[in-house]
Each structure stands twice: as structure tokens, then as C-alpha cells.
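Engineer: Take this structure first; my questions come after.
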Amino acid sequence: MKHGPTSHTFFSQRLKLHYVDWGNPDAPPLILQHGGLDHCRSWDWIARELSEDWHVIAPDLRGHGDSEWSSDGEYSLRACVYDFAQLIHQKKLSPVTIIGHSYGGNISLRYTGLYPENVRKLVAIEGLGPSPKIIAEREAKPIDEKVRSWIDKKREISSRLPKRYESIDAAMRRMLDANKHLSEDQARHLTIHGVNQNEDGSWSWKYDNYFRIQTPYEMAQEDLNQLWQRITCPTLLIYGADSWASNPEKDGRIANFNTAKVEEYENAGHWAHHDQFDRFMSDIREFL
């Protein structure tokens, strides 16, 4: 009989961060890291399938799920990479296998480039971040313009109240609108674990809206390229053919990887692991 996960916490940068543990502690460790505006229970289908052979741990990013919100709205990649490193360090998980999605994939790739000796295998689902074209457009903006825009957006988000839904069904419909590939069962599960009930009986998403406002300063692309080049473990990069994300085989970024291969999924968007679950599980089992 397969049981559900148990909830645990650890501390990083004074924040109390949450993760779920699917048991089987004598098996090799496997971290499942979700992306932005998501939560650790979005991995449940995958974790349940893998937990017989792996010690599966799925953390909530700061400001997401059941982790604490950052008091200063700090959700930069550098902050989240430190949180990720602290989880692996404190729980003695290395050498570890990692599957990361989107922002979580970006974090996972950076960690692996920093500590290649700590990672056995890596799967990043649309985890390379913005396309080279978008990055070039951002870098072309003067520094005063970038920082003033960041300040304006911070002020704007500070006055923005979390969206309230009259029911879980209403929140679920919003999720279905955002991802046409999801089934109703998938959307209901993701919604149930992704909302909190407010005192007036309405429901709001758990994530902190401040996550939407990213720092105007990012790692230089040349430095990021160097981190990718430092990755030594087998690496699988997965992309959805219907996604907004840029495929690294088509935009040239794959040249910065020594051990990576790319798989593109038809009829899949940004959440390829949800949209093409059976193919994803088949590929993951073969890769791992």
C-alpha cells in the first residue's frame, strides 16, 4: 500500500521552509523542485510512482505552498539557490538526483553547476529561463530604467490584495483557464493543495504575489554559461512544443552543456510533466 507524504520543515536565511517526504529513507535521494506560483504537492503523481525506488523529497520554495513568505519580498534565484543548497546540506542528501520544473529547474541547474560532485543525474523541465532574445532585450535597457521599473512594480504589488475566490471550484476554473492541457482531476488536486481559506470563507492562492517582481540584477549570461558547462552528470532537458519557453536545441544554448540531451513533447505546454504524464514517466524511468 502506498501512503502519502509527511510534512517537515527546515530553516534557511531565518525562514521556516516546508517540504514533504515520501518515505523510503534507505533508497537513493531524489528531490522534486516545483516552479514559480506552484507548490510541492504538484509532484504527487510523479512522487507516488517513484517512491518505491527512491527517497523522494519535494520542497516548497520560499513564499510558496506551506513555506514562509520572505518579509522583504526577496525571491531572487540567488536566494532560492541558497535555500536549495541548505536543504541538501542539512539533510545530508548528496549525492542527489534532481528533477526541477521552470524556476525550480533553473535553481537545480545552477546548484548542479556550483556543486557538480553532489548531483548524480538532473532533469530540468523548461528550466533554462528566458530565451536569448528576451535576455538581450533586458540587457539593452539602461540600469536606471531597470531599477526604476523594479521600484515601481514593487510599489504596485504592495497595494495588490490576493485574489479571492468564492469556492475551490472557482479557483479550479481559473487554473483550467491557465492551462488547457490539464484534466479536471489534475486541476482539482493542484487547487486543493494550492489554496488557503480566508477568514471570510473565500479562498486565495498560497503563493506570495511579491514573487512576481524579480530583482533587476541577475547573473551575467557568461557566468551562467560557465555554470552550465560545469555540469558533469547526465542531464535531460524537457520542453513542450506548445510552450512559450525557447527550446535550447533551437536557440543554441545546448552548446553550453557537455552531458545534456533535449526532449520535446508534442501536445504539451510549460507543464510538460502534467500534459504528457505517461510519456514523461516512461522517459524518467529510462533516464534514471
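The values are calculated or read from the model by the stated rules, or taken from the named source; none is laboratory data. The structure presented is a predicted model; accordingly, all values stated were derived computationally and were not measured. Neighbour counts are summed over all protein chains in view; Cβ atoms, including those assigned to glycine, are modelled from backbone coordinates with ideal geometry.
Engineer: I'd like the full set of residues that are crowded, with 21+ Cβ neighbours inside 10 Å, in contact (Cβ under 8 Å) with a residue 60 or more places away in the chain and closer than 24 Å to LEU182 by Cβ, limited to segment 62-88.
Structural biologist: GLY63, HIS64, GLY65
Engineer: Taking GLY23 as meeting all but one of (1) in contact with a Lys or Arg (Cβ under 6 Å, 6 or more places away or on another chain); (2) without any contact (Cβ under 8 Å) to a residue 40 or more places away in the chain; (3) not in a helix (DSSP H, G or I), write down the number of the exception.
Structural biologist: Checking GLY23 against (1) in contact with a Lys or Arg (Cβ under 6 Å, 6 or more places away or on another chain); (2) without any contact (Cβ under 8 Å) to a residue 40 or more places away in the chain; (3) not in a helix (DSSP H, G or I), the one that fails is (1).
Engineer: I've got another one for you. Show the residue pairs meeting these rules: Cβ distance below 6 Å; 6+ apart or different chains; first residue within segment 90-106 and on the phi > 0 side of the Ramachandran plot; second residue crowded, with 23+ Cβ neighbours inside 10 Å.
Structural biologist: That search, which allows pairs on different chains as well, returns SER102/GLU126.
Engineer: Can I ask one more? Can you confirm whether segment 96-109 contains a residue that is more than 15 Å from the chain's Cα centre (by Cα) and over 20 Å from ASP60 (Cα atoms)?
Structural biologist: no
Engineer: Among the residues of segment 205-232, what is the count of those that are more than 30 Å from ARG148 (Cβ to Cβ) and either buried (at least 17 other Cβ atoms within 10 Å of the Cβ) or of a type in the set (Val, Ile, Thr) (or both)?
Structural biologist: The number of residues fulfilling the criteria is 4.
Engineer: What are the residue pairs meeting all of these: first residue in segment 259-270, first residue in contact (Cβ under 8 Å) with a residue 60 or more places away in the chain, second residue of a type in the set (S, T, N, Q) and surrounded by fewer than 16 Cβ atoms within 10 Å (Cβ to Cβ), Cβ atoms under 9 Å, and 6 or more apart or on different chains?
Structural biologist: GLY269/ASN179; HIS270/ASN179
Engineer: How many residues are closer than 16 Å to ASN267 by Cα, within 17 Å of the chain's Cα centre (by Cα) and of a type outside the set (Ser, Thr, Tyr) if we restrict to segment 236-252?
Structural biologist: At the first step, the residues of segment 236-252 found to be closer than 16 Å to ASN267 by Cα are 238-247.
Now drop any that are not within 17 Å of the chain's Cα centre (by Cα), which leaves 238-240, 243-246.
Going one step further and asking which of them are of a type outside the set (Ser, Thr, Tyr), we end up with 238, 240, 244-245.
Within segment 236-252, residues that are closer than 16 Å to ASN267 by Cα, within 17 Å of the chain's Cα centre (by Cα) and of a type outside the set (Ser, Thr, Tyr) number 4.
To keep it simple, each residue is scored yes or no on (1) of a type in the set (S, T, N, Q); (2) over 19 Å from the mean Cα position of the chain (by Cα); (3) modelled with pLDDT under 95.
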residue: SER167; (1), (2), (3): yes, yes, no
residue: ARG173; (1), (2), (3): no, yes, no
residue: HIS181; (1), (2), (3): no, no, yes
residue: SER202; (1), (2), (3): yes, yes, no
residue: LYS206; (1), (2), (3): no, no, no
residue: PHE211; (1), (2), (3): no, no, no
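Engineer: Considering only segment 216-230, I want to know if a residue exists there that is in a loop (DSSP other than H, G, I, E, B) and among the polar types (S, T, N, Q). Explain how you work it out, then say what you get.
Structural biologist: Taking segment 216-230 and keeping what is in a loop (DSSP other than H, G, I, E, B), we get 216-220, 230.
Narrowing further to those that are among the polar types (S, T, N, Q): none.
No: segment 216-230 contains no residue that is in a loop (DSSP other than H, G, I, E, B) and among the polar types (S, T, N, Q).
Engineer: Restricting attention to segment 254-273, which residues are buried (at least 20 other Cβ atoms within 10 Å of the Cβ) and touching a Leu at 6+ places or on another chain (Cβ under 6 Å)?
Structural biologist: The one that is buried (at least 20 other Cβ atoms within 10 Å of the Cβ) and touching a Leu at 6+ places or on another chain (Cβ under 6 Å): ALA260.
Engineer: Would you tally the residues in segment 233-253 being more than 18 Å from PRO116 (Cβ to Cβ) and in contact with a helix residue (DSSP H, G or I) (Cβ under 6 Å, 6 or more places away or on another chain)?
Structural biologist: Qualifying residue count for the region: 4.
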